[in-house]
Amino acid sequence: MVLALGFVSFLIWEAWIGEHTPKPAPAPTVAAAPAEAGSAPRDVPVAPEAPPPPGAARQGSVLPEGTRIHVQTDVYDIELDTTGGDLRHVGLRRYPESVQHKDIPFVLMRDSGGEVFVAQSGLRASSGSAPDHYAVFQADKTDYTLADGQDQLNVQLHWTGPDGVKVTKTYTFHRGSYVIDLTQTVDNTSAEEWRGVAYQQLQRQAPASKGSHIGSTYTYTGGVLSTAEKNYEKLSFDDMTKTPLDRTVTGGWAAMIQHYFVGALVPDQTQTGTYYSLAAGNERFVLGRSGPLTTVPAGGSTTFSSKLYVGPKLQDVMAKVAPHLELTVDYGKLTIIAEPLFWALRHIHSLLGNWGWSIIILTVLIKAAFYKLSETSYRSMANMRKLAPKLQSLKERYGDDKQKLNQAMMEMYRTEKVNPLGGCLPIVVQIPVFIALYWMLLESVELRQAPFMGWIVDLSQQDPYYVLPLIMGVTMFIQQKLSPAPPDPMQAKIMMAMPIIFTFMFLWFPSGLVLYWVVNNTLSITQQYIITRRIEAGEQKKAAA
């Protein structure tokens, strides 16, 4: 029992330390060095056989600003910029900033007022002119709204090169969807053939710390990549600095992820392209993809197509957008257990309509599944509890002679047919389920701002009044009283401190997880009490006979 609780304690303490210990302060911010005259900025990919683009030197540490184009759909509040046609601001209208400010959309992408996160795209030409994400486009108008009854909305941006090459960049937004279609159409009205590549990239500023305040939750923020060789691969900002990505594959996708939300580049899955990463300066990093070199004859045209997924990590939705995109909901090494747990939780919620009660029902089902294991454990504990007077007698007899005491204890266990580890091993088997449930509750955006009842208005945040953690501490204390005391005095002291330590750590844990623990402990206490009473009643009958 001590081993099991110790192991769980270590895992929870490790998670709590990761949650509340800030990262080392980042190195002083240094603006990107200016490119030499005629060279490409540091955040622009190089096209095969591409000459340096014309124009003055630019710095990758500054995002130039043009005219803003406001786009509103039923799910988005977006701003595009005519400079580059960048996606500069993305507010998610169905996901409020907080429970207290439900009228303010959560901002996933931004170019000011916080950590920079933008989506960029462009063309790089080795023959003819082409607009990269520093080029200035022209827009038909500055406000677009998805009207009632309208299923999709097209926003077009236009650019014309000095040689007559025309490029139209089109964003297509769909009702109820977080998928954005992006096309870049090249009309070669020049007298020469056009050769070049299309690229899409995500530029993001590294977060200053893992958590900005007590109660914030640490989850991975950074790049991820999916290819045929590896379904899901993390590319941290440190990785992008030390070993820039340069990988040519067919299909796949690249994304920048954070807690609950993701921005992903999804190309044509039949097309071969090169995924790359760049350190753009000013603590910014670029993760992108460039397509194959394409030739457009004079008088001809071609269209480069791709998709963006910018929104919440909804597993069912993302699975239909691209293979393995749902893995951005990262349950870690215990995904094989966490996914069925989430499947069950989601179906329970479809019946009850409340995530808190769904967690309670799921806990009951998990407890039922492990009923026999728990019964074995509690019977062993009850038998050990019965031997407590004999253990105390042995300690008094042998005093400080540890060797003789251990020999006598083992002999007593054999005589009484009691396994001292019988109460621990069944609990150890259940530990992976608890850890998987922890990550499932932590990663599921469905629980973000999900109310339970009363004062619990957000199951993804800590209990504001610490009621659930305190109840959890009380249930742990009761469980401890029902369990046999360890024979070793040091272990006994550790066990006595467990409820206090756990209560302290759980003060800042998501209330949904604490709710699970409270219900699980309550069910365990009930089961343990019933089994202990049965064994004691059986002993009394034997004594009476």
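Observations on the model:
- Its Cα gyration tensor gives region 285-346 an equivalent ellipsoid. The semi-axes, each the square root of 5 times an eigenvalue, are 38, 13, 10 Å from largest down.
- Once C-alpha pairs closer than 8 Å and six or more residues apart are averaged by separation and normalised to the residue number of region 55-163, the relative contact order reads 24 percent.
- The simple spin-label model puts a point 7 Å past each Cα toward its Cβ; for Thr302 and Asp246 those points are separated by 2.3 nm.
- Order of exposure, largest accessible area first, which applies to Met490, Met440, Met410 with probe 1.4 Å: Met490, Met410, Met440
- Cα convex hull of region 440-510 - mean projected area over all directions, nm²: 5.7 nm²
- Global form of region 71-150, assessed from the alpha-carbon gyration tensor, a/c cut-off 1.5: oblate
- Cβ-Cβ FRET estimate between Asp148 and Lys102, R0 fixed at 22 Å, reported to 0.05: 0.50
- Among 248-260, 109-121, 506-518, the peptide with the highest mean count of other Cβ atoms within 10 Å heads the list, and the full ranking is 506-518, 248-260, 109-121.
- Each Cα pair under 8 Å and six or more residues apart adds its separation to the average, and for region 121-232 the resulting relative contact order is 24 percent.
- Rg(Cα) / (2.2 N^0.38 Å) computed for region 204-335, rounded to two decimals: 1.15
- FRET efficiency estimate (nearest 0.05) - Cβ-Cβ, Val364 to Lys390, R0 56 angstrom: 0.90
- Solvent-accessible area assigned to carbon and sulfur over region 114-217 amounts to 45 percent, based on a 1.4 Å probe.
- Burial order of peptide ranges 199-205, 471-477, 520-526 (average beta-carbon count within 10 Å, highest first): 199-205, 471-477, 520-526
- Multiplying each eigenvalue of the alpha-carbon gyration tensor of region 148-248 by 5 and taking the square root yields semi-axes of 35, 23, 14 Å, largest first, rounded to whole angstroms.
- Order by protection proxy (mean Cβ within 10 Å, highest first), peptides 269-277, 165-173, 148-156: 165-173, 269-277, 148-156
- Multiplying the residue separation of Lys481 and Ile500 by 0.36 nm and removing their Cα-Cα distance gives an extension gain of 5.4 nm.
- Converting phi to 3J(HN,Hα) with the Karplus coefficients 6.51, -1.76 and 1.60 and the offset θ = phi - 60°, region 188-202 yields 8, 8, 7, 8, 10, 5, 10, 10, x, 10, 9, 9, 9, 8, 10 Hz in sequence order, with x at every glycine or proline.
- Excluding same-chain neighbours fewer than eight residues apart, the aspartates and glutamates reachable from Lys307 by a Cα-Cα span under 12 Å are Asp181, Asp268.
- Cα gyration tensor shape of region 310-352, rounded if a/c is under 1.5, else prolate or oblate by comparing a/b with b/c: oblate
- Under 13 Å from Lys402, Cα to Cα: aspartates and glutamates that are on another chain or at least 8 residues apart: Asp488
- P(r) weight above 19 Å for region 71-220, C-alpha pairs, percent: 60 percent
- By the Cα gyration tensor, region 113-189 has an equivalent ellipsoid whose semi-axes, rounded to whole angstrom, run 26, 16, 11 from largest to smallest.
- Ligands, DNA and RNA are left out, and with a 1.4 angstrom probe the accessible area of region 162-295 is 36 Å² per residue.
- Counting only protein chain heavy atoms and rolling a 1.4 Å probe, the accessible areas of His347, His70 rank, largest first, as His347, His70.
- The chymotrypsin sites (Phe, Trp or Tyr not before Pro) of region 306-382 include none that DSSP puts in a loop with a beta carbon having at most 11 other beta carbons within 10 Å.
- Only protein atoms count toward the accessible area here, which uses a 1.4 Å probe; on region 240-353, the carbon and sulfur part of that area reaches 57 percent.
The values are calculated or read from the model by the stated rules, or taken from the named source; none is laboratory data. Predicted model only: the values in this text are computed from it and were never measured. Cβ: placed from backbone, ideal geometry, glycine included. Neighbour counts: every protein chain shown. Note: areas computed on protein heavy atoms with side chains; ligands, DNA, RNA excluded. Shrake-Rupley method; radii C 1.70, N 1.55, O 1.52, S 1.80 Å.
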